[in-house]
Amino acid sequence: MNSATPIDFAQLRELLQNFGALLGAAEVHGFLVGQLATGKRFSRSEWLRAANEQADLSQSPDEVAGDRLYDLYNTTLNALQSGELDFQLLLPEDDAALTERVENLGQWCQGFLTGFGLAGTKLKIDSELAEALRDLSAVAQVGASDDEVEQESSESDLFSISEYVRLTAAEIFWSHNTERKTAPKPAPTETPAPSNPADLFKRKKLH
């Protein structure tokens with residue numbers, strides 16, 4: 001893997017599998033974003049240790065793999081800080097099965113909630129943040145059934161939910177990283193999110 005380019009989902013999944021990870025790539029990325037959203041920052045060694053523990057690796061990454069994991073940390077933080085909506089969820093490509101993409105979106109949300117939750121009582125949870133966290137929790141519990149995967153509306157629903165999750169995570173990051181408040185905040189999604197994002201999947205029986 002070339003360290004000159006950001007690591008993608010397939011590369012991260014392969015890297016984690018090579019070192020015996022019990023946690024998937026989407027959940028590891030979600031965990032990282034959740035930690036960053038609380039204001040947490042890591043040195044290289046700190047992030048490798050956190051990633052090792054969170055993914056429950058059976059062996060520690062070698063130097064090259066460690067560099068790639070630290071690249072993931074830096075590119076994710078830079079994207080969140082950019083104010084240009086560069087931040088993207090690390091998920092399977094669009095040509096992957098819908099069931100796989102739905103499952104990984106749920107895993108990403110679970111990772112985010114785990115990472116964010118490690119802040120404990122250090123962060124003030126207002127009503128708006130509590131609602132956002134409930135939405136992410138609902139998405140984390142969603143799955144897709146094979147008999148529904150061909151519906152075009154299901155693809156549209158997945159895109160809408162993914163965008164909602166992406167913008168919600170970015171907004172939570174901005175709310176707790178005051179040193180970046182002078183830069184433009186993420187714009188709201190063009191399509192209003194449902195009161196419960198998981199309802200889109202439920203209406204299509206993707207659970």
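Label sites at Ser82 and Asp94, each approximated as a point 7 angstrom past Cα along Cα to Cβ, lie 1.8 nm apart. A full extension of the chain between Val64 and Gln17 corresponds to an added length of 15.4 nm, given 0.36 nm per residue minus the alpha carbon distance.
Find out how many positive minus negative residues lie around Leu23, taking Lys and Arg as positive, Asp and Glu as negative, among other residues whose Cβ is under 11 Å from that of Leu23.
Details: positive: Arg13; negative: Glu27, Glu53, Asp56.
Charge balance in the 11 Å sphere: -2.
Stretched out straight at 0.36 nm per residue, the stretch from Arg44 to Asp56 would grow longer than its current Cα-Cα span by 2.5 nm.
Where a number appears in this text, it was derived from the coordinates with a stated rule and is not lab data. Since the model is a prediction, treat every value here as computed from it, not as a measurement. Note that we place each Cβ from the backbone using ideal geometry, even for glycine, and neighbour counts take in every protein chain shown.
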